[in-house]
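Here's the structure we're looking at; comments come further down.
Read-outs throughout are calculated quantities, based only on the coordinates presented, and are distinct from any laboratory measurement. None of the values given here were measured: they were computed from a predicted structure. Glycine also receives a Cβ, built like all others from the backbone with ideal geometry; neighbour counts cover every protein chain displayed.
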Amino acid sequence: MESSVKLAIESDKPVAQTAKEIGVNENTLHTWINKYSRPVDNIKAVRTDEHLYEELKRLKKEVIRLTEERDLLKKAAAYFAKEQR
């Protein structure tokens, strides 16, 4: 099955012709292609989710750092404003 799917996907020929050449029904070959194509899509989705999760973690850390920096600058501005009076 897997070799038939690989042949059908990598071939420039229509699926119907590939199915005829390997001696299976065209619908059967389409079913096999769908069956073996889904895990690849799921792996890509998982990788994308992992990437998004890592990006979210990085951005949350950056928000914390920037918030702390902003608070420090506010305090410094208030301190220097008092000294000028």
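Please report Val5, Val15 as a ranked list, fewest other C-beta atoms within 10 angstrom at the top and most at the bottom.
Fewest-to-most ranking of Val5, Val15: Val15, Val5.
Using θ = phi - 60° and the Karplus relation 6.51 cos²θ - 1.76 cosθ + 1.60, list the HN-Hα couplings for segment 70-77 in order, rounded to whole Hz, with x at every Gly or Pro.
Coupling constants for segment 70-77: 4, 4, 5, 5, 4, 5, 5, 5 Hz.
Roughly what would the spin-label model give for His30 and Lys82, points 7 Å off Cα along C-beta, in nm?
Distance between the two pseudo-spin positions: 7.7 nm.
Determine the calculated [θ] at 222 nm for the chain from helices alone, applying -39500 (n - 2.57) to every DSSP H run no shorter than 4 residues and normalising by the residue count; nearest 500 deg cm²/dmol.
-31500 deg cm²/dmol
By how many nm would the segment from Ser3 to Thr48 grow when fully extended, if each residue of separation counts as 0.36 nm and the alpha-carbon distance is taken off?
13.4 nm
Among Leu59, Leu29, what is the fewest-to-most ranking by other Cβ atoms within 10 Å?
Ranked by crowding around the Cβ, least crowded first: Leu59, Leu29.
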